[in-house]
Amino acid sequence: MSDMSQYEDTIELLSEQIAALELALEDVSWTRLAAQTDMEFSREGLRRICELARIFYLKNPLIKRALNVQADYVFGQGITIQAEDATVDRVVRDFIDDSKNRSELTRQQAQLEKEIELAISGNLFFVFFSNPATGRVRVRTIPVAEIEEIICNPEDAKDPWFYKRVWNVSRFDMDSGTSGNVARTAYYPDWHYAPEEKLVQIGGQPVLWESPVYHVRVGGLADMRFGVPEVYAGLDWAKAYVEFLEDWATLTRAYSRFAWQLTTKGGKRGIAAARAKLGSTAGMVSGETNPPPVTGSIFVGDESTSMTPIKTSGATVSAEDGRRLMLMVAATVGLPESFFGDVSVGTLATAKSLDRPTELKFRSRQTLWGDVFKEILDFVILKAVRAGTLDGTIVPEDDGTPRVELEIPGQGRKSASSVVRVEFPPILEHDVAASVNAIVSAATLGGMEPAGTIDERTVSRMLLQALGADEVENLLNIIYPADDDGDSGEDEPEETEAAVMEAVRALREALKDVAHA
């Protein structure tokens, strides 16, 4: 066969395969709407996938369990957000404590919901509303289904410029008492897009420059503009597992319909006599006059009659036969089998240990959310600096993106992101005594005096975190109060050394008491 013939056969085979894939998409209405969808799902296809994922989360126990477990591991113990500088921290606290922001993002319940929504839809579109006079920022999210298109830099597909939103606004008529929907379309700029000339309209639709959007996506590939639901690969297997269990339950009910087999002699007369003895009028409207034998009753008959139970062992499908289907769902969400209810297959106490891939999965997710919160707080600080409520310098990058630099007393000029700390408690329950002793050993190199390997403030922070203290930065500000000239109390080594050593001794004594209790 010539090279040309092989080439033609290969092309034909690939065409057939692509045609089959297209047909599969059309079977569930995932039709291609534009040329750019050659690289990803069409918007209509992605909407349908998101709808399925939402339904499966509400209905399918495996999907619901997987997403709830991940959300609990990521946000179940809360999150600590504080700024090193007291002035910056007030701006951060104002944003976090705002009632509107709490309901949307900063309250723990909202964080759990956002984590589940991100896994279900693969996308979060945060939209910000700021007050130019005060710099206060409020955050909301746009439903994924309402984002029709992402318009990117023609020279860089990973540089988003605008988000086209198409949605319906509900209008209620007070006079008639009726409501209706009004279709609207608008373009929202990406929060990092800062052109010199700002368009007022695109295609006759308004551009809402005062409401920039921050897009967070997961589950897709690097060249995709939209993320893909993280549970997408497991939806078919989750459905197959439920159907398997439904079929198994149906078989069980069928086998249990007849419990005993009665054999009697005498032909029709014998059968009629046996039926009369075992007959019942249960279910008659007039009431029960001939109840069936109760559990544990004795059957009495002559040598010509035998009654034996029907054996179902080996005749039914075991529920455990569907385990491979469940494992496909577990592989999709990256959780061990023991997390889905069968603790017999696990060998670890999940409170104090996890298999390494699962632990890294949760830590990776916490890192993602830590970056999200830091970037959002960068934007909050930027707005505060522009409003004049916070001292700082706005430095434009080469592409026009603003970067904020703050003057921190005793530390010099620092970027906004480096001032704010976003920390999660440990995923696993560590031995507090071992953690504290390890910190002390690192700070003293096994001796009783500070070795200078770690500064006192950092040691104190690590000890407070190991002990599970809340508002660590506030406690550190109390332990190390700033002087009037803005310098920290760290400039008095003798006093701080004595305080740290006293704290270490007290901790060691307390831990000894705990160990002997």
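Numerical summary
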read-out: Residues satisfying the stated conditions in the range 107-135, i.e. of a type in the set (Lys, Arg) and closer than 28 Å to GLU40 by Cα; value: LYS114
read-out: Residue within the range 88-106 that is closer than 29 Å to ASP355 by Cβ and assigned to a helix (DSSP H, G or I) present; value: no
read-out: Whichever residue in the range 324-343 is outside any helix (DSSP H, G or I) and surrounded by fewer than 20 Cβ atoms within 10 Å (Cβ to Cβ) and, among such residues, is farthest from the chain's Cα centre (by Cα); value: ASP342
read-out: Residue list for the range 385-405, restricted to those being assigned to a helix (DSSP H, G or I) and open to solvent by 60 Å² or more (accessible area, probe 1.4 Å); value: ARG386
read-out: Filter result for ILE116 (under 17 Å from GLY227 (Cβ atoms), in a helix (DSSP H, G or I) and open to solvent by less than 30 Å² (accessible area, probe 1.4 Å)); value: yes
read-out: The range 315-328 residues that are closer than 15 Å to GLY234 by Cα and small (Gly, Ala, Ser), paired with ones that are open to solvent by 80 Å² or more (accessible area, probe 1.4 Å) and modelled with pLDDT of 75 or more (beta carbon under 9 Å, 6 or more apart); value: GLY322/TRP248
read-out: Matching residues, the range 143-160, being open to solvent by less than 60 Å² (accessible area, probe 1.4 Å) and within 16 Å of TYR193 (Cβ to Cβ); value: ILE147, ILE150, ILE151, CYS152, ASN153, ASP159, PRO160
read-out: Total residues in the range 196-252, condition of a type in the set (Ser, Thr, Tyr) and assigned to a loop (DSSP other than H, G, I, E, B); value: 1
read-out: Pick from the range 161-185, criterion in contact with a strand residue (DSSP E or B) (Cβ under 9 Å, 6 or more places away or on another chain) and aliphatic (A, V, I, L, M), ranking: farthest from GLY204 (Cα to Cα); value: VAL169
read-out: Matching residues, the range 406-420, being touching a residue at least 24 places away in the same chain (Cβ under 8 Å) and either in contact with a Phe, Trp or Tyr (Cβ under 6 Å, 6 or more places away or on another chain) or open to solvent by less than 70 Å² (accessible area, probe 1.4 Å) (or both); value: LEU406, ILE408, ALA416, SER417, VAL419, VAL420
read-out: Test: residue in the range 156-168 that is under 19 Å from SER417 (Cα atoms) and in contact with a Phe, Trp or Tyr (Cβ under 7 Å, 6 or more places away or on another chain); value: no
read-out: Long-range neighbours under 8 Å by Cβ, at least six apart or interchain, first residue among the acidic types (Asp, Glu) within the range 179-208, second outside any loop (DSSP other than H, G, I, E, B); value: ASP190/PRO160; ASP190/TRP161; ASP190/PHE162; ASP190/TYR163; ASP190/VAL213; ASP190/TYR214; ASP190/HIS215
read-out: Restricting the range 223-254 to residues that are surrounded by 14 or more Cβ atoms within 10 Å (Cβ to Cβ) and among the small types (Gly, Ala, Ser), the residue that is farthest from the chain's Cα centre (by Cα); value: ALA240
read-out: Residues of the range 68-104 that turn out to be without any contact (Cβ under 8 Å) to a residue 40 or more places away in the chain and of a type in the set (A, V, I, L, M), as a count; value: 1
read-out: Residue, nearest to VAL74 (Cα to Cα), within the range 357-384, restricted to residues that are buried (at least 18 other Cβ atoms within 10 Å of the Cβ) and touching a Pro at 6+ places or on another chain (Cβ under 9 Å); value: THR358
read-out: Hey, THR37 at pLDDT below 90, assigned to a helix (DSSP H, G or I) and farther than 30 Å from GLY322 by Cα or not; value: yes
read-out: Output for the range 119-132, where each listed residue is outside any helix (DSSP H, G or I) and open to solvent by less than 30 Å² (accessible area, probe 1.4 Å); value: GLY122, ASN123, LEU124, PHE125, PHE126, VAL127, PHE128
read-out: Criterion violated by ASP97 - all others in (1) surrounded by fewer than 21 Cβ atoms within 10 Å (Cβ to Cβ); (2) of a type outside the set (Gly, Ala, Ser); (3) touching a Pro at 6+ places or on another chain (Cβ under 6 Å) satisfied; value: (3)
read-out: Positions within the range 443-461 being modelled with pLDDT under 65 and either open to solvent by less than 60 Å² (accessible area, probe 1.4 Å) or closer than 30 Å to GLY392 by Cβ (or both), in sequence order; value: GLY447, ALA451
read-out: Checking PRO425 against (1) loosely packed, with under 14 Cβ neighbours inside 10 Å; (2) modelled with pLDDT of 75 or more; (3) assigned to a loop (DSSP other than H, G, I, E, B), the condition it does not meet; value: (1)
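The values are calculated or read from the model by the stated rules, or taken from the named source; none is laboratory data. These numbers come from a predicted model, not from an experiment. Glycine also receives a Cβ, built like all others from the backbone with ideal geometry; neighbour counts cover every protein chain displayed. In case anyone asks, the SASA skips ligands and DNA or RNA and just uses the protein heavy atoms, side chains included. Shrake-Rupley method; radii C 1.70, N 1.55, O 1.52, S 1.80 Å.
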